[in-house]
Amino acid sequence: MPGQNPPYPKENVPDPGEHDVMFGRGGGTNNHPGNIKFRKLCHDHKFRYLAASKVDKPKVAREVVALWRTMTPPGRFLSKNSKTDSLWHDVGDQKAREKASQCLRERTPDVKPILDQLQKQASSSNINNAVIPEVTVSDIQVS
């Protein structure tokens, strides 16, 4: 129909796009535009994740996945069915959340001074009771 977006399949994807996070190892996936954008999105939420309690960390990761999935076109998390398969499929929200958690945990050089400060504060107060603000799609810009 005119005016409607074409379907954005979750199975048998031949060519991942800029809103797709590719699972896998090596430069091909690390340098993929979607993976680069997803790392930026995670970086934008990293301090909130690191300051969150153990109970709240998965919530932050779920919010990152939800933000990614609500982009236009929708963000996907893709893996190949096998090493010989040339098509990609979406891995689902659980694996996507695990990927987001992994990315949010990464200790990048700009995070170390903040972590040191958080550890100092945690030793003098109870940082685990900090309130984690809600995030909406309008709060984040992914370019």
Among (1) at pLDDT 90 or above; (2) surrounded by 14 or more Cβ atoms within 10 Å (Cβ to Cβ); (3) of a type in the set (Ser, Thr, Tyr); (4) more than 16 Å from the chain's Cα centre (by Cα), the one test that Tyr49 misses:
(4)
Any idea which of Val55, Val60 is farther than 17 Å from Asp15 by Cβ, among the hydrophobic types (A, V, I, L, M, F, W, C) and surrounded by fewer than 16 Cβ atoms within 10 Å (Cβ to Cβ)?
Val55
Members of the range 23-39 that are hydrophobic (A, V, I, L, M, F, W, C) and either part of a helix (DSSP H, G or I) or more than 19 Å from Asp93 (Cβ to Cβ) (or both):
Ile36, Phe38
Residue check: is Leu104 of a type in the set (A, V, I, L, M, F, W, C) and over 20 Å from the mean Cα position of the chain (by Cα)?
no
Pairs where the first residue, in the range 103-130, is assigned to a helix (DSSP H, G or I) and the second is modelled with pLDDT of 75 or more and among the charged types (D, E, K, R), C-beta under 7 Å, 6+ apart
Cys103/Arg39; Leu104/Lys46
What number of residues in the range 66-117 are more than 19 Å from His45 (Cβ to Cβ), surrounded by fewer than 20 Cβ atoms within 10 Å (Cβ to Cβ) and out of contact with any helix residue (DSSP H, G or I) (no Cβ under 9 Å at 6 or more places or on another chain)?
13
Would you confirm whether or not the range 35-47 contains a residue that is in contact (Cβ under 8 Å) with a residue 24 or more places away in the chain and touching a Lys or Arg at 6+ places or on another chain (Cβ under 7 Å)?
no
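The values are calculated or read from the model by the stated rules, or taken from the named source; none is laboratory data. Because the structure is a prediction, the values reported are computed rather than measured. As a convention, Cβ positions derive from the backbone with ideal geometry for all residues, glycine included, and neighbour counts pool all protein chains shown.
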